[in-house]
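The structure appears below as structure tokens.
The values are calculated or read from the model by the stated rules, or taken from the named source; none is laboratory data. Note that the coordinates shown come from a computational prediction; the quantities given were computed from them, not determined experimentally. For neighbour counting, all protein chains shown are included, and Cβ atoms are generated from backbone atoms with ideal geometry for every residue, glycine included. Areas reflect the complete protein model, heavy atoms only, side chains present, ligands, DNA and RNA absent. Shrake-Rupley method; radii C 1.70, N 1.55, O 1.52, S 1.80 Å.
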Amino acid sequence: MNINGTKYYDTGDNAWMMTSTVLVLLMTPALAFFYGGLVDHKNVLNQLFLSFICMGIVFLQWVLFGFSFAFGPPVSPGFGSFGWSVLRFGESYNPNYSPTYPLLTYCAYQGTFAIITPALISGAIVGRMKIIPYMIFIFVWSTVCYDPMAHWVWGENGWLKQLGTLDFAGGTVVHILSGVSGLVASIILGKRHDYDPRGTPAHNLPFTILGTCLLWVGWTGFNGGSANSASGLAALAVINTHTAAATGLVTWVVIDAMRGHVSISGACTGPIVGLVAITPSSGFVQPGWSILIAIIVVCIVYTLLLLKKYMRFDDTLDVALIHGCGGVSGAFLAGMFSQQWVNEAGGFDGAFYGRPVQLWYQIAGILTAIVFAAACTAGILLPLHWTIGIRLAREDEMEGLDVSAHGESWEVAASRAFSKFVKEIVEEYNNSANAQNVEENGTIALQYTSASGKQPAITIPFPSVKGLHQPPPKHHAGADKQESSSVSEVIRF
């Protein structure tokens, strides 16, 4: 391989950038857990898969031509080229993108950003999009939407970078693009058949807490690695990142407590909003401003979520509000509080420090990202909708994508464990003294009795042991075994 320029490499910088690459890559499975815990139990595996598949499709696209489109030898201020397709530049020295470490490291680092951005969109389309159209969408969207926007904002001659738009780590490129695209996708797909404007019942909040913590850790590389070196600027970005996350968590919990209860899902949302808010300015502002930025954006997003029930679209996991509105607010506030002395190489003074024109540059980047993301998403999904179809059939949607799309269910393991538990109880009973022999193939019944006692008891039978793997029987009410419509489905273990 070409190793020209090795003398310029700094092993500390290279180690930090490779570590940051791992941290940002970790954020995609972390996002899968974050989203997976918030969806209905029938769509858990599918939601995990929607993030997981991006690690394959998007990175393959990135190696083939995505990196070249975004950062390759430019043909204009708007586009890269095929010049670096299939990464045929070796370990060559590049003074613009990786002045102190191999360009391959920079490619890997930026590739992790490309992976997580379309994965964020999946939270807006929970439980109603076909798998094949989704995979086609993320491949095409990464090519025509993400790659050009990354070039405009971060490319050596990108027109937004030349204009003066500040985006240290992806407020416009990652969060606004994914938020707006999620909103447009949810509108084109339409609402779920079982849509509840009050929200989707979270089936596994421990998943979400785990995902939140891993996202928080991974964001260290997301923002800190964007300093492009193991330097004081990286330290500043890391401090601002964790300060904003902590502020977001505390602010959300305090607001919840003032309203009467502290929700776990809200406590997980708070730090994510704080992290989204500080991303575009993490390398341009002093730590004190990261506290204020996080408080402002958390209050904005919290208010919008309270108004969600009046909105006419089904953005299932609030991608448009958290990432779209959070990204817009954070990008705008970067133009307020940035200081050039904090980042002399790439920063500018903001409006608060006597340069209000920076706000207009930020607005230009924000509007560009909004319009471009909306146009690209609609331009991809509508032809797919008119040709191969993107929306699941009602029956498949109600059954859940775990079964209808993947033919599997995470609940099988729990069912087998429960079956084994019942078998052990039966064996222990049969081995006890004076016990009558009990067959292993039977049913377990749960009984529901209303508090008032005015309604007859409802007995819900469950298949056990061998019968546990058969289709569940219908519900019966009382001793007369009449079917009851009071219970909608068998309780799952």
Report summary line: Expressed in angstrom and rounded, the centroid-to-centroid distance over alpha carbons for region 52-119 and region 272-323 is 29 Å
Report summary line: Percent relative contact order for region 67-209, counting Cα pairs under 8 Å at least six residues apart, stands at 27 percent
Query raised in the report: HN-Hα J couplings of region 175-186 from phi, Karplus 6.51/-1.76/1.60, θ = phi - 60°, integer Hz, Gly and Pro as x?
Result: 7, 5, 4, 5, x, 5, 5, x, 4, 5, 4, 5
Query raised in the report: What is the P(r) of region 44-177, as percent of Cα-Cα pairs per 5 Å bin from 0?
Result: 2, 11, 20, 22, 19, 13, 7, 4, 1, 0
Requested in this report: Would you mind checking which residues have amide H under 5 Å from Arg391's amide H? H placed 1.01 Å from N; only 5 or more apart, or other chain.
Outcome: Lys130
Requested in this report: Can you tell me which of 128-141, 110-123 comes out highest on packing, and rank the rest after it, using the mean Cβ neighbours within 10 Å?
Outcome: 110-123, 128-141
Requested in this report: May I ask you to give the percent of accessible area on region 11-406 that is carbon plus sulfur, with a probe radius of 1.4 Å?
Outcome: 71 percent
Query raised in the report: What is the list of residues in region 303-335 whose amide nitrogen lies under 14 Å from a point 7 angstrom out from the Cα of Tyr353, following Cα to Cβ?
Result: 334-335
Query raised in the report: Residue by residue through region 48-61, which ³J(HN,Hα) values in whole Hz follow from phi under the Karplus form 6.51 cos²θ - 1.76 cosθ + 1.60 (θ = phi - 60°), with glycine and proline marked x?
Result: 4, 5, 4, 7, 4, 5, 5, 5, x, 5, 6, 5, 4, 4
**Report entry** Kirkwood Rh in Å, taken over region 11-406 so that all alpha-carbon pairs contribute
**Finding:** 20.8 Å
**Report entry** Residue-normalised accessible area of region 11-406, expressed per residue, 1.4 Å probe, Å²
**Finding:** 35 Å²
Requested in this report: Would you kindly calculate the translational diffusion coefficient of region 14-115, applying Stokes-Einstein with the Kirkwood radius from alpha carbon pairs, for 25 °C and a viscosity of 0.890 mPa s, and quote it in µm² s⁻¹ without decimals?
Outcome: 165 µm²/s
Query - Spin-label model distance (nm) - Cys213 vs Glu156, 7 Å beyond Cα toward Cβ - result: 4.4 nm
Requested in this report: Please label the shape of region 57-100 as rounded, prolate or oblate, based on the square roots a ≥ b ≥ c of the eigenvalues of the alpha-carbon gyration tensor (a/c under 1.5 means rounded; beyond that, a/b larger than b/c means prolate, else oblate).
Outcome: oblate
Query raised in the report: Using r as the Cβ-Cβ distance of Val254 and Leu205, and R0 as 22 Å, what FRET efficiency do you calculate, to the nearest 0.05?
Result: 0.65
Query - Over region 83-124, volume per residue of the alpha carbon convex hull, in Å³ - result: 84 Å³
Requested in this report: Just grab the label-to-label distance for Trp341 and Tyr195, each label 7 Å out from Cα along the Cβ direction, in nm (one decimal).
Outcome: 5.2 nm
Query raised in the report: Once the Cα gyration tensor of region 222-350 is diagonalised, what are the square roots of 5 times its eigenvalues, in whole Å and ordered largest first, as equivalent ellipsoid semi-axes?
Result: 28, 15, 12
Report task. May I ask you to evaluate 6.51 cos²θ - 1.76 cosθ + 1.60, the Karplus curve with θ = phi - 60°, for each residue of region 236-250 and list the ³J(HN,Hα) values in order in whole Hz, giving x for glycine and proline? Result -> 4, 4, 5, 4, 4, 4, 6, 5, 5, 5, 5, 5, x, 4, 5
